[in-house]
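So the structure is just underneath, and the comments pick up after that.
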Amino acid sequence: NAGVTQTPKFQVLKTGQSMTLQCAQDMNHEYMSWYRQDPGMGLRLIHYSVGAGITDQGEVPNGYNVSRSTTEDFPLRLLSAAPSQTSVYFCASSSDRAHGYTFGSGTRLTVV
Amino acid sequence: AQSVTQLGSHVSVSEGALVLLRCNYSSSVPPYLFWYVQYPNQGLQLLLKYTSAATLVKGINGFEAEFKKSETSFHLTKPSAHMSDAAEYFCAVSPGTASKLTFGTGTRLQVTL
């Protein structure tokens, strides 16, 4: 059972480049979320989804897009990378709000 | 809107001493509350959760937390710290009808000999 898989683990981008962070879960979870983690700021919600075809914005959505075409996958797209998007990104999934979320191991992104 | 405040960004305890990590929450509806632990260069792991059943919740690795509605608190404790407990700990709240999880800014626990 792989849980939540994030790829890549590390990425360096140049300002203005675009890329997609991949997230896949094999637990048939309906809820999925993307967070970014910055020192001293905890984890902040970027976008979340309550099921295939349904997404919504979180606390810091600007500069990011998501889609949820299947239950398993929830990719995060950076449209035009900026140095302010340098961060560690975590994807998480849950079957039920009461069970809490299962987190992936993260993607460390550096924008130069 | 919900929010979480974790008092103390760094806490240092001696091995064998009591661990107390503080968390206060704000929620307009009855919340679900969680504590997560993050070891260096890893993702977050669920320690324990409160979901409106027993107010004293026991989790993994000997940790427990008590939900106190009157104090809007959910402090994390462990009677005796171990070196392996050194990590960053996050408190999180999910309001009664939403699927979003809001995190505190984290507390880094250092355990010394």
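Please list, or write none, the lysines whose alpha carbon is within less than 17 Å of the alpha carbon of residue B:49, excluding same-chain residues fewer than 8 places away.
B:58, B:68, B:69, B:78, B:100
What list do you get for A:54, A:46 if you sort them by fewest beta carbons within 10 Å? Walk me through the intermediate numbers first.
On the way: A:54 10, A:46 24.
Ranking A:54, A:46 by Cβ neighbours within 10 Å, fewest first, gives A:54, A:46.
Determine the shape class of chain B: with a ≥ b ≥ c the square roots of the Cα gyration tensor eigenvalues, call it rounded for a/c under 1.5, and otherwise prolate if a/b is greater than b/c, oblate otherwise. Write out the running numbers ahead of the final one.
Details: a/c = 1.95, a/b = 1.66, b/c = 1.17.
Because a/c hits 1.5 or more and a/b exceeds b/c, chain B counts as prolate.
Explain nothing, just compute: Karplus ³J(HN,Hα) = 6.51 cos²θ - 1.76 cosθ + 1.60, θ = phi - 60°, for every residue of segment B:37-48 in order, whole Hz, x for Gly and Pro.
So the Karplus estimates, Gly and Pro as x, are 10, 10, 8, x, 6, 10, x, 8, 10, 5, 8, 6 Hz.
Using the number of other C-beta atoms within 10 angstrom as an exposure proxy, rank B:77, A:107 with the fewest first. Numbers along the way, then the final one.
Details: B:77 14, A:107 22.
So the residues, fewest neighbours to most, are B:77, A:107.
Given points 7 Å out from each Cα along the Cα-Cβ axis, report the residue B:1 to residue B:17 separation in nanometres with one decimal.
Between residue B:1 and residue B:17, the label points sit 3.6 nm apart.
What does the structure give for A:95-106 when I average, per residue, the other chain Cβ atoms found within 10 Å of the residue Cβ?
Details: counts 0, 2, 10, 8, 5, 14, 8, 4, 7, 2, 4, 5.
Average per residue, whole number: 6.
Any idea what diffusion coefficient the protein assembly as shown gets from Stokes-Einstein, in µm²/s, Kirkwood Rh on alpha carbon pairs, 37 °C, 0.692 mPa s? Walk me through the intermediate numbers first.
Numbers: Rh = 17.9 Å.
So the translational diffusion coefficient is about 183 µm²/s.
Measuring from centroid to centroid over Cα atoms, what is the spacing of segment B:65-113 and segment A:32-51 in Å?
So the separation of the two Cα centres works out to 18 Å.
Can you give me the relative contact order of chain A as a percent, contacts being Cα pairs under 8 Å and 6 or more apart?
Numbers: 295 pairs, mean separation 40.0, N = 112.
Reported as a whole number, the value is 36 percent.
Please give, to one decimal in nm, the separation of the simple spin-label points placed at residue B:55 and residue A:26, each 7 Å out from Cα toward the Cβ.
Here the modelled spin labels are 4.3 nm apart.
What are the ³J(HN,Hα) couplings of segment B:11-16, residue after residue, when phi is run through the Karplus curve with 6.51, -1.76, 1.60 and θ = phi - 60°? Round to Hz, x for glycine and proline.
10, 10, 9, 7, 4, x
Hey, with R₀ at 35 Å, roughly what FRET efficiency would residue A:52 and residue B:113 work out to, going by the Cβ-Cβ distance, to 0.05?
Numbers: r = 51 Å, r/R0 = 1.46.
It comes out at approximately 0.10.
What percentages, rounded to whole numbers, describe P(r) for chain A computed over all alpha carbon pairs with 5 Å bin width beginning at zero?
2, 13, 24, 27, 19, 10, 4, 1
Run the simple label-point estimate for residue A:62 and residue A:88 please: 7 Å along Cα→C-beta, distance reported in nm.
Going from the residue A:62 label point to the residue A:88 one covers 2.6 nm.
Counting other beta carbons within 10 Å of each Cβ, put A:84, B:94 in order, fewest first. List each step's numbers first, then the result.
On the way: A:84 10, B:94 23.
By the 10 Å Cβ count, ascending: A:84, B:94.
Can you figure out the FRET efficiency of residue A:9 with residue A:96, using R₀ = 30 Å and their beta-carbon distance, to the nearest 0.05? Don't skip to the end; give the middle numbers.
On the way: r = 28 Å, r/R0 = 0.95.
Efficiency for this residue pair is about 0.60.
What are the residues whose amide H is under 5 Å from the amide H of residue A:19, where those residues sit 5 or more places off or on another chain and H is modelled from the backbone?
For residue A:19, whose amide H was placed from the backbone, the distant partners under 5 Å are A:78.
5 Å is the cut-off here: which amide hydrogens, built 1.01 Å from N in the peptide plane, fall below it relative to residue B:82, excluding neighbours closer than 5 in sequence?
Hits under the 5 Å cutoff: B:16.
Readers should treat all values here as calculations from the given coordinates under stated rules, not as data from a laboratory. Because the structure is predicted, anything quoted here is derived from the model rather than measured. Cβ atoms come from the backbone with ideal geometry, glycine included; neighbour counts cover every protein chain shown.
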